[in-house]
Amino acid sequence: MSQQKKNSQKTKQQKTSGWFYFHIVIRVIQSLLLIAVCLVFLLGALGVGIGTGYFAYLVQDTPTPTKEELEGDLEDVDETSHLAYEDGSNIATIDTELQRKSVDSDQISDTLKKAVIATEDEDFYRHNGVVPKAVVRALVSEVTGIGSSGGSTLTQQIVKQQILSDEVTFKRKANEILIANQVEKNFSKDEIVTMYLNVSPFGRNNQGKNIAGAQEAAQGLFGKDANDLNLPQAAFIAGLPQSPISYSPYTNSGELQEDLEPGLERKDYVLFSMYRNHDISKEDYQEAKDYDLTADFQEREDPAENNNEQSFLYDTVMNESLKIIARQLANEDDVSSEEFTQEDTYQNYIQEAQQKLANGGYTVNTTIDQDVYDAMQDTAENYGYLLDNNNQVEVGNVYMDNATGKILGFVGGRDYEDNQFNHAFNSTRQAGSAIKPALVYGPAIDQGLMGTDSRVSDYPADWQQGENEGDPIVNATNEGTETFQTIRESLEHSSNIASYHIYQDLLDEKDDTSFVYDNYLKKMGYPETDSWTYESASSGVPEVTTLAQTSGFQTLANEGVHQEGYLIESITDSSGEALYEHEEEPERVFSKAAASIMNDLMRSVIDSGHTTDFKSDVSNLNYNLANADWVGKTGTTDEYKDSWLAVSTPKATLSSWSGREDNEGTDRNASDRTAQYMAQLANSIYQANPDSLGTDEEFDLDDDVKEEEVSEFTGTKVDDNDTVEVDGSTMRVPNDTTTSYWAKGTPPGPSFKFGIGGSDDDYEDYWQNGPEDNNSDNDD
């Protein structure tokens, strides 16, 4: 065979072999493609199955709503909320800036409907409530954070807004799809777009108020009805729901925004969407785009006067309610307490709470007794003048049930129209001597430091500032009575020197300057401040509210158990379901024995009349009321800037602060004026609701109180042979005895230094001269 023929055969064999391998590769690729297609179908089928199953799992607890239920939910626009007294009667309707007016379909122009559909849901007439590819795109975006999350149809938007929430979860999205499908089955397309236009937010109007619904938007922006809008006006309104505040032409005061471009650009986008959707011609589009819409915006207008009567009660209940709801909303978002207290975070939740409360159809049920509250307001109005000297004096009062902490009534001030500052809840002023039962005497007795007839120095003394002595400690009228008073006498006369010695002894005993605050005051709701560790704290330098002061006396009157003062019992929705219910958290602060001894001591304060004429003033008004078992304490501060009086019966506590708004002083008769006013206030409360005062109940000494026989002279244990060495001489302890009440421990034995506080010279003087009747002055 020739070489040429051999080469030809070889070439032919190579071509045959090449085609053979090519066909093999093609067949392999075809097989792989077939397998891939099969896998895609299989995985798709599996995905559909899994997706269907997962969807069914997500909506298994969601009942399919009926048309009637959907109508109730979808057309249920913001409901009016109310504040209520303890008996359920109405206090007021909660104010809301949101203005809304629903209208029928024929009162909304077709142009506006087309504008909304073209912008928000161009497939509106072609879907059954959901666009699957848009849902998948939105879910992928929400999970990955990539791409646009838009995908809700108009139907889904109204379902989310009226029935569900904005939370991003698969379960919420699944429910949204299910309900949207039911909406489409039960309502026409026109009914759906009409509902959307009636409930959607549209920013602010020319009064600065938030508006919702197309009719309110048309009137608030252009002074027209929703069926009279021209094309550019309709396009502008249709663009607002995406970002109502950003696109709104008005500020919160009703002034036109300095920069109107965001809203106008959004209007142009709506017009283009309508043109792209073949709703308007190119000529209509261009003409509307060139239209000077700014000339149509209405000028600012003052809002109409609010028909609801504003008052201290309205403001206080609203403030407390907003705090409660804001904290609940933060808890739902897992916001920590620390983060919640940050001003920006707190205010954001307060605003959210305000919107929810004002428009949610809620009822805020308070603890306020209407008759008692009204009686207290009448007293402040008609007898507040009793507090005045040459200037008008303001006042704050709280009336609290001891067993529960319910605030039955309060006085925020003399005249709400003149001064809206709440002096019962918000004003912080120096506590004065009214703090002594909670800060000094109660803890000292509770710790077993003293009994009712132990002795405490009221000799002249100076503040101890480090190793040096500072200014003299003074009582209200003197620098000391130069004797050792009994504990009872020192409280009756409100000796600042005595309370100083007791407080310092207590802190020294515990070797902890914060002991009293941590173990007593904090539990009663007093504010945390370094001033509790100051030497002057025992004289009432720390600043407190009237409410906090009331809580201290409530605790002692309630057998030593603190109940937080509150005035919101519950917050319920329109169906009566509770959004919030107050839960009592009683906390023991003082032993029952110590609390009962303190009430016995504070009864002496009121009965003796050394620092207040309250009981005699009450007797002049109502003899039966005067026979109630009143206990309490007075307090004044330097230059008589603040005057306090808190009184309790076993059933309730009534407190009063009064002083000038400018924090200037008054005069030494301030406590007398306070007593006269408080007598009128107590009598008014008694006339309104006598049962709330429990005038037939009495404070009793607890069974655990120890009744110790002690020397009247020293307050220590007695023995017929008791003697002490005084300045080199032996002196016998006088034999006269009395009963001293102790909550813990026992009286010490006789000694030269038998009391609390005082120098060696003070003790020598007392042993030589004995107690003198130097307690006649009012030392409050």
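The values are calculated or read from the model by the stated rules, or taken from the named source; none is laboratory data. This is a predicted model, so every value here is computed, not measured. Cβ placement follows ideal geometry from the backbone for every residue including glycine, while neighbour counts extend to all protein chains displayed.
Number of residues in region 412-432 that are of a type in the set (Gly, Ala, Ser) and either under 16 Å from THR533 (Cα atoms) or surrounded by fewer than 24 Cβ atoms within 10 Å (Cβ to Cβ) (or both): the value is 4. Just one of (1) charged (D, E, K, R); (2) on the phi < 0 side of the Ramachandran plot; (3) over 34 Å from the mean Cα position of the chain (by Cα) fails for ASP530. It is (3).
Collect the residues in region 730-760 that are surrounded by 15 or more Cβ atoms within 10 Å (Cβ to Cβ), of a type outside the set (Ser, Thr, Tyr) and in contact (Cβ under 8 Å) with a residue 40 or more places away in the chain, keeping them in residue-number order. Hits for region 730-760 are TRP742, ALA743, LYS744, PRO747, PHE754, GLY755, ILE756, GLY757, GLY758. Going by the conditions given, is ALA134 modelled with pLDDT of 85 or more and either of a type outside the set (Ser, Thr, Tyr) or assigned to a loop (DSSP other than H, G, I, E, B) (or both)? Spelling it out, it is not the case that ALA134 is modelled with pLDDT of 85 or more and either of a type outside the set (Ser, Thr, Tyr) or assigned to a loop (DSSP other than H, G, I, E, B) (or both).
Of all the listed residues (ILE245, ILE280), the sole one being surrounded by fewer than 15 Cβ atoms within 10 Å (Cβ to Cβ), more than 30 Å from THR366 (Cβ to Cβ), hydrophobic (A, V, I, L, M, F, W, C) and in the same structural domain as ILE117 (by TED's automatic domain parsing) is ILE245.
Going through (1) among the charged types (D, E, K, R); (2) touching a Gly at 6+ places or on another chain (Cβ under 8 Å); (3) modelled with pLDDT of 65 or more one by one, LYS189 falls short only on (2).
The set of residues in region 91-122 that are small (Gly, Ala, Ser) and either out of contact with any Asp or Glu (no Cβ under 6 Å at 6 or more places or on another chain) or at pLDDT below 90 (or both) comprises ALA92, SER102, SER109, ALA115.
Of everything in region 397-440, what is in a strand (DSSP E or B) and either aromatic (Phe, Trp, Tyr) or closer than 29 Å to ILE597 by Cβ (or both)? Give them in sequence order. Those that are in a strand (DSSP E or B) and either aromatic (Phe, Trp, Tyr) or closer than 29 Å to ILE597 by Cβ (or both): ASN397, VAL398, TYR399, MET400, ASP401, LYS406, ILE407, LEU408, PHE410, ARG429, GLN430. Tell me, please, whether a residue that is part of a strand (DSSP E or B) and surrounded by 21 or more Cβ atoms within 10 Å (Cβ to Cβ) can be found in region 711-729. Yes, there is a match, as at least one residue in region 711-729 is part of a strand (DSSP E or B) and surrounded by 21 or more Cβ atoms within 10 Å (Cβ to Cβ).
Checking VAL395, VAL440 one by one, the residue that is aliphatic (A, V, I, L, M), out of contact with any Cys (no Cβ under 8 Å at 6 or more places or on another chain), over 25 Å from GLN687 (Cβ atoms) and crowded, with 24+ Cβ neighbours inside 10 Å is VAL440 and no other.
Within region 703-728, the set of residues being more than 19 Å from SER454 (Cβ to Cβ), in contact with a helix residue (DSSP H, G or I) (Cβ under 9 Å, 6 or more places away or on another chain) and not acidic (Asp, Glu) comprises VAL726 only. Candidates are the residues of region 191-220 that are closer than 12 Å to PRO244 by Cα and of a type in the set (A, V, I, L, M, F, W, C); the one that is farthest from the chain's Cα centre (by Cα) is ALA217.
Here VAL335 clears all of (1) modelled with pLDDT under 90; (2) over 30 Å from GLY413 (Cβ atoms); (3) surrounded by fewer than 16 Cβ atoms within 10 Å (Cβ to Cβ); (4) not assigned by TED's automatic domain parsing to the domain that holds LEU231 except the condition numbered (3). Here TYR526 meets each of (1) closer than 23 Å to GLU320 by Cβ; (2) modelled with pLDDT under 95; (3) of a type in the set (Ser, Thr, Tyr) with one exception, condition (2). Hey, does region 364-382 have a residue that's surrounded by 18 or more Cβ atoms within 10 Å (Cβ to Cβ), part of a helix (DSSP H, G or I) and modelled with pLDDT under 95? No - not one qualifying residue is present in region 364-382.
Please verify whether ALA557 is modelled with pLDDT of 95 or more, small (Gly, Ala, Ser) and either under 22 Å from ASN397 (Cα atoms) or surrounded by fewer than 21 Cβ atoms within 10 Å (Cβ to Cβ) (or both), treating the condition exactly as stated.
For ALA557, the condition - modelled with pLDDT of 95 or more, small (Gly, Ala, Ser) and either under 22 Å from ASN397 (Cα atoms) or surrounded by fewer than 21 Cβ atoms within 10 Å (Cβ to Cβ) (or both) - is met.
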